[in-house]
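The values are calculated or read from the model by the stated rules, or taken from the named source; none is laboratory data. If you're wondering where the values come from, they're calculated on a predicted model, not measured in any experiment. Every residue, glycine among them, receives a Cβ derived from its backbone with ideal geometry; neighbour counts consider all protein chains shown. Note: areas computed on protein heavy atoms with side chains; ligands, DNA, RNA excluded. Shrake-Rupley method; radii C 1.70, N 1.55, O 1.52, S 1.80 Å.
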Amino acid sequence: MTGADPPEHDPAHCREMFSHLSEYLDRELDEIACRQIERHLRHCDACRACCATLARTVALCQGMPPHAVPGDMAVRLREAIEKLRAGDRPAPAPHSD
Amino acid sequence: MAQPQDSKRRINDKDAPLIEAINAGDTDRFYELVQRYQQPLFNFGLRICGQAADAEDMVQDTFLNVFRYLKTFRFESQFKNWLYRIAMSVCIKRRRRSKYAPERELSLEDFLPGDEQVAAEAPAWAREPLDRLLDEELTRRIEDAILALPETYRPVLVLRDLEGFSTEETAQILNLTPGNVKVRLHRARLFIREQLKEYFAHDRSRPA
Ligand SMILES: [Zn+2]
């Protein structure tokens, strides 16, 4: 894949593409920028491999299973909130502003 | 300045009726709000600080603050975004009290694809089915990688890629510009990708 390199192959261009790969994956780029990146990816092995592994990294993060809440957290939470509520209640006097 | 509050607010916020009921005096229903968010908030805390005890403290402080300030919530954003804003400020306060890993900048240059890694094809781990890939060990590796992210980057990645907030929402929660969120997210992802590359190159013994 050497020979008559299209202009996409120069490192400055690679760098420019590379800095927008996340936006590209998140579909946050306009159509023109998207097409530019896609054209570059077709010609540049390094950026294509990078894009694939980056996409996979994002997918793995998104697929992370959630942790279970500690069993007694809710009890402790309720205690703390009740304490606050008790402090908030200024005796049973009705507030009459 | 009499704003038609009602037309502006409730941007499709599913929590609005519940919050209105609580603010109207039905404070018992606060526990419904707790029920709704304790799990995601605990997870968020765990991703940010790594320890279950710290995460629980964060969840508790957050809900206590929500209880105190719920009356001031104006429905100018989603309640959930407001909640995470509070959670973040709780995290930041707690962090100041403890010694954390030094902050450092992740530079794009560190992650630029070099000539040496030019392969005709993406590596196997980029092609294998996700569910076969994401086993317990890899999950732990990713969690460690996230915790190894400098503080500037970690919340951005967690909010965007694990909690599913949009760029705009993340910006709002973290008091950043959307542009800033994008820059940090990209570097954070590249950082995680480096860790994964290493893992798949050296530690993952079994073949694909
Ligand atoms: Zn390139």
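Averaged across the residues of A:62-73, what count of C-beta atoms belonging to other chains lies within 10 Å of each residue's C-beta?
Numbers: counts 6, 9, 11, 4, 8, 9, 3, 11, 6, 0, 1, 8.
Mean shielding by partner chains, rounded to a whole number: 6.
From the protein chains alone at 1.4 Å, what is the descending order of accessible area for A:Glu79, B:Glu56, largest first? Can you show the working numbers first?
Numbers: A:Glu79 120, B:Glu56 20 Å².
Most to least solvent-accessible, the answer reads A:Glu79, B:Glu56.
Given a 1.4 angstrom probe, what's the average accessible area per residue across the stretch B:108-201, in square angstrom? Write out the running numbers ahead of the final one.
Details: 4200 Å² over 94 residues.
Computed with neighbouring chains in place, this is 45 Å² per residue.
How many Å³ per residue does the convex hull of the Cα positions in the stretch B:108-201 occupy? Don't skip to the answer; put the middle values down first.
Numbers: hull volume 11.0 nm³, N = 94.
It is 117 Å³ per residue.
Would you kindly derive the ³J(HN,Hα) couplings of the stretch A:56-65 from the backbone phi angles with the Karplus curve 6.51 cos²θ - 1.76 cosθ + 1.60 (θ = phi - 60°), listing them in order in whole Hz, with x for Gly and Pro?
5, 4, 4, 4, 5, 4, 5, x, 4, x
Working from Cα positions, state the angle (0 to 90°, nearest 10) between the long axis of helix B:30-49 and the longest principal axis of chain B.
It is inclined by approximately 30 degrees.
Averaged per residue, what accessible surface does the stretch B:9-97 expose to a 1.4 Å probe, in Å²? Intermediate results must be reported in sequence, preceding the final value.
Details: 4130 Å² over 89 residues.
Each residue of the stretch B:9-97 exposes 46 Å² on average to a 1.4 Å probe.
Just from its helices, what would the mean residue ellipticity at 222 nm be for chain B, if runs of 4 or more DSSP H residues each count -39500 (n - 2.57) and the sum is divided by every residue, rounded to the nearest 500 deg cm²/dmol? Mind dumping the intermediate values first?
Details: 10 runs with 119 residues, N = 208.
-17500 deg cm²/dmol, from helical runs alone.
Can you pull the mean other chain C-beta count within 10 Å for peptide B:183-192? Before the final figure, lay out the partial values.
Working: counts 3, 1, 4, 9, 2, 3, 8, 7, 1, 5.
What the average comes to for B:183-192 is 4.
Can you check what the net charge comes to around B:Val158, using other residues whose Cβ is under 15 Å from the Cβ of B:Val158 (Lys, Arg +1; Asp, Glu -1)? Don't skip to the end; give the middle numbers.
Values: positive: B:Arg47, B:Lys80, B:Arg85, B:Arg95, B:Arg154, B:Arg160, B:Arg184, B:Arg187, B:Arg189; negative: B:Asp54, B:Glu143, B:Asp144, B:Glu151, B:Asp161, B:Glu163, B:Glu169.
So the environment of B:Val158 carries a net charge of +2.
Summarise the partner chain shielding of A:22-35 as one whole number: the mean count of Cβ atoms from other chains within 10 Å of each residue's Cβ.
Values: counts 11, 5, 0, 2, 7, 0, 4, 0, 0, 0, 0, 0, 0, 0.
Neighbouring Cβ atoms belonging to other protein chains average 2 per residue here.
If you take the accessible area of B alone plus A alone and subtract the pair, what total do you get in square angstrom, rounded to 100, with a 1.4 Å probe?
Working: alone 13010 and 8250 Å², together 16790 Å².
Rounded to the nearest hundred, the buried surface is 4500 Å².
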